[in-house]
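*Asks:* One structure coming up, written as structure tokens, with questions to follow.
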């Protein structure tokens, strides 16, 4: 298993998702109100569109065993190798087209990687190279320039070499367990959790997905009518596809679930 190198806040968010997956009620509680889209300050008119990472921006490849896992669990890193020169701004293919983005140095990357760490011995990083890594974004997987550090145990830890100014709320965004696909940006097929079952003999009701649109975001949630009492919860996440049709194309807006998690949209 990869080390849990994420900061405490991210671990708590992942724990919340795990609790949801492990299964209490349907992701939508009857009567819940989706957050107003107007509260999300995403800069839809920015060119290029800011990158929206949907997870902690540290990618681990390989496993150096239990010792590395323990060392990485503090979320702190110490680079003991020779830092290369920071490259010039680099062309990157983004969801809205190509853009040339500024980069940060390897030393700055180590500082950012350790910013939310806990007290304890840092994981030693002995070498680094400038390359690429794949990161999860709200528009699907994206290959970005990255600083690829090799630990003393042999694993590789990659951090975006792109400057934080190219991202929206870098390192702060929580991804949703929901997923969406679209062919035209108007009709969205959203995979969400199956509603919780009703009591025996009770009407299961009719559940549909509804979208609340704002200038910078679209909130998607479930709405159930005619349902009786609930006598159980989904033991596991049970995917079901719901379709919503927007009044305007999604465009650069972010798609959000009822818990403010960013939903990944792919074509």
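Laboratory data are not the source of any read-out in this text; all were calculated from the coordinates shown. Since we're looking at a predicted model, the values are computed, not measured. Don't worry about glycine lacking a Cβ; one is built from the backbone with ideal geometry, like all the others, and counts go over all protein chains shown.
*Asks:* Alpha carbon centre of the stretch 177-224 versus the stretch 43-104: separation in Å?
*Replies:* Centre-to-centre distance over Cα atoms comes out at 32 Å.
*Asks:* Rounded to the nearest whole Å³, what is the per residue volume of the convex hull around the Cα atoms of the stretch 162-240?
*Replies:* It is 149 Å³ per residue.
*Asks:* Rounded to two decimals, what is the ratio between the C-alpha radius of gyration of the stretch 207-267 and 2.2 N^0.38 Å?
*Replies:* This ratio for the stretch 207-267 stands at 1.30.
*Asks:* Can I ask one more? Please state the shape class of the stretch 154-196: rounded when a/c is under 1.5, otherwise prolate if a/b exceeds b/c and oblate if not, all from the C-alpha gyration tensor.
*Replies:* Judged from the Cα gyration tensor, the stretch 154-196 comes out prolate (a/c at least 1.5, a/b above b/c).
*Asks:* Related question: How big is the shadow of the Cα convex hull of the stretch 110-267, averaged over all directions, in nm²?
*Replies:* Averaged projected hull area, Cα only: 13.0 nm².
*Asks:* Hey, can you rank 235-242, 260-267 by average C-beta count inside 10 Å, highest first?
*Replies:* Top to bottom by mean Cβ count within 10 Å: 260-267, 235-242.
*Asks:* Moving to a separate point now. Show me 87-96, 182-191, 165-174 ranked by packing, highest mean number of other Cβ atoms within 10 Å first.
*Replies:* Values: 87-96: 13.4, 182-191: 15.3, 165-174: 17.2.
Ranked from most to least packed, the peptides come out as 165-174, 182-191, 87-96.
*Asks:* Let me ask you something else. Taking the Cβ-Cβ separation of residue 44 and residue 225 as r and a Förster radius of 41 Å, what is the calculated FRET efficiency to the nearest 0.05?
*Replies:* Computed FRET efficiency for residue 44 and residue 225 comes out at 0.80.
*Asks:* With both partners inside the stretch 59-166, how many of the DSSP beta bridges are antiparallel, as a percent to the nearest 5?
*Replies:* Looking only at bridges with both residues in the stretch 59-166, the antiparallel portion is about 85 percent.
*Asks:* If the stretch 59-166 were replaced by its equivalent ellipsoid, with semi-axes equal to the square roots of 5 times the Cα gyration tensor eigenvalues, what would those be, largest first, whole Å?
*Replies:* Output for the stretch 59-166: semi-axes of 25, 15, 12 Å.
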